[in-house]
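Peer 1: Structure below; questions to follow.
The values are calculated or read from the model by the stated rules, or taken from the named source; none is laboratory data. These numbers were taken from a predicted model, which means no experiment stands behind them. Here the Cβ is made from the backbone with ideal geometry for all residues, glycine too, and neighbour counts use every protein chain on show. When the accessible area is computed, the model is the full protein with side chains, heavy atoms only, and any ligands, DNA or RNA have been set aside. Shrake-Rupley method; radii C 1.70, N 1.55, O 1.52, S 1.80 Å.
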Amino acid sequence: MVDTAHSGPPSPPAVEPAKRRRRKRPLLYVVGAAILWFIGQGLGWFGAGPSNERGDRFGPGQGAPEPGESVGGGAPDDEPVTAQLAALRGQLSATDQLAPDNGTAAEVATDPEQAKPAAVTPGPVLIADDRFQSLVSLIESHIQEKELGEAVGVLQRLTELHLSKAQTTQLSALQVKLQALYQATEERVLAHIRKGEVLAADQASQQLIVRGVWQAHTLASAAPSLALGDNWQRAAGDAAITSAKPAPLERNRKVRMRWRDDLRVAVVKSTKADQVTVQVRNGGSQSYPTVRAVQCEPTDSSSEEAIEMGFYAVQAGVPRLARLWLLRAHLLQRELTARGKQLLELLR
């Protein structure tokens, strides 16, 4: 029988210290592994650095390059930021561009199929009313000075501008007035031609030239077979001038001549080349000026005389007057002579 009266509490098992030592080892392993992980993370053993650094470099919502894609040979922190961004821009798609370094939003390439907004075309700029009224006043001034061609030229420039409704109405009324005056002047020119007053017709037609052109619609319609062209101002050319050799005016032929800014009646006394010496009576006195033959016109001229005066005009380089003389010859005799046809060829 065992005596238990003097026995104390039971002694712990002999193996208890060993168990406690075994319990401490896993904790040491965990702590060691954590230390090694942080060391390896700093040395780049496990790829990218801390996530907050990468997020700052690529911008919000931008991830690092895919595995296997390199942005440089060394560590990321060793490369300039601009160089890394340049490399990444070349690798990323057009729809995934990085934001510019200056912080502004990047432009995103649009889909080719996407409809582009229509360009806004500015409306026409209307001419200022004070400027318009100044040009209208200029037209009226030309009309008063019997410079109808100049008035038509200004009106044509106005019609090419963008006008308001009120300006268009005002200009239309002025255009009707000017057209009536222009037509009346052409008819007066034609009346002078029929009466043999070719120098007066030439003086009146000066009013009708528009920007160096005189189309002479009324006169052309009176002789459509001549077909003298749209511009009665067109020069005949150097070859035509040298070939023009008019017959001289007859001695004692009564003529009208342009002298001292007026038309005077005179009598031919002699001719030499393209010059004529005439006798002019003025009251009880008389004078014998020498003028160019082109400044004269035979009174009640015949068709043959009109043709020769046309050659004088070609020789003097005044094609409008030459065409007026040709029209005079045609109105007197519808069928032109060989000499008349020669003049016609020079003026066509």
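Peer 1: Efficiency by 1/(1 + (r/R0)^6): what FRET value for ALA191 and GLN342, r their Cβ-Cβ distance, R0 = 22 Å, to the nearest 0.05? Each step should come with its number before you reach the end.
Peer 2: On the way: r = 28 Å, r/R0 = 1.26.
Working from the Cβ atoms, E equals 0.20.
Peer 1: Right, another one. What is the local net charge at PRO248, summed over the other residues whose Cβ is closer than 14 Å to its Cβ (Lys, Arg +1; Asp, Glu -1)?
Peer 2: Working: positive: LYS245, ARG251, ARG253, LYS269, LYS272, ARG292; negative: GLU250, ASP274, GLU304, GLU305, GLU308.
Overall, the nearby charge balance is +1.
Peer 1: What figure, in Å² to the nearest 10, do you get for the accessible area of THR271 with a 1.4 Å probe and non-protein molecules left out?
Peer 2: Taking all protein chains as shown, THR271 has close to 50 Å².
Peer 1: Give, in nm to one decimal, the length gained when the segment between THR242 and ARG334 is fully stretched (0.36 nm per residue of separation minus the Cα-Cα distance). Intermediate results must be reported in sequence, preceding the final value.
Peer 2: On the way: separation 92, 0.36 × 92 = 33.12 nm, distance 2.71 nm.
Stretched out fully, the THR242 to ARG334 stretch lengthens by 30.4 nm.
Peer 1: Please go through segment 253-348 and write out the GluC sites (Glu not before Pro) that DSSP classes as loop and that have at most 11 other C-beta atoms within 10 Å.
Peer 2: Working: sites: GLU304, GLU305, GLU308, GLU335, GLU345; in loops: GLU335.
Taking segment 253-348 and a limit of 11 other Cβ atoms within 10 Å, the loop GluC sites (Glu not before Pro) found are GLU335.
Peer 1: Let me ask you something else. Which net charge results for the neighbourhood of VAL189, defined as the other residues with beta-carbon distances under 12 angstrom from its beta-carbon, given Lys and Arg at +1 and Asp and Glu at -1? List each step's numbers first, then the result.
Peer 2: Details: positive: ARG188, ARG194, LYS195, ARG320, ARG323, ARG328; negative: GLU186, GLU187, GLU197, ASP202.
Neighbour charge sum, excluding VAL189 itself: +2.
Peer 1: Based solely on C-alpha atoms, express the radius of gyration and the Dmax of segment 203-328 in angstrom.
Peer 2: 15.5, 48
Peer 1: Place the peptides 216-222, 258-264, 169-175 in order of packing, highest mean first, counting for every residue the other Cβ atoms within 10 Å and averaging per peptide. Can you show the working numbers first?
Peer 2: Numbers: 216-222: 17.4, 258-264: 12.0, 169-175: 14.3.
Top to bottom by mean Cβ count within 10 Å: 216-222, 169-175, 258-264.
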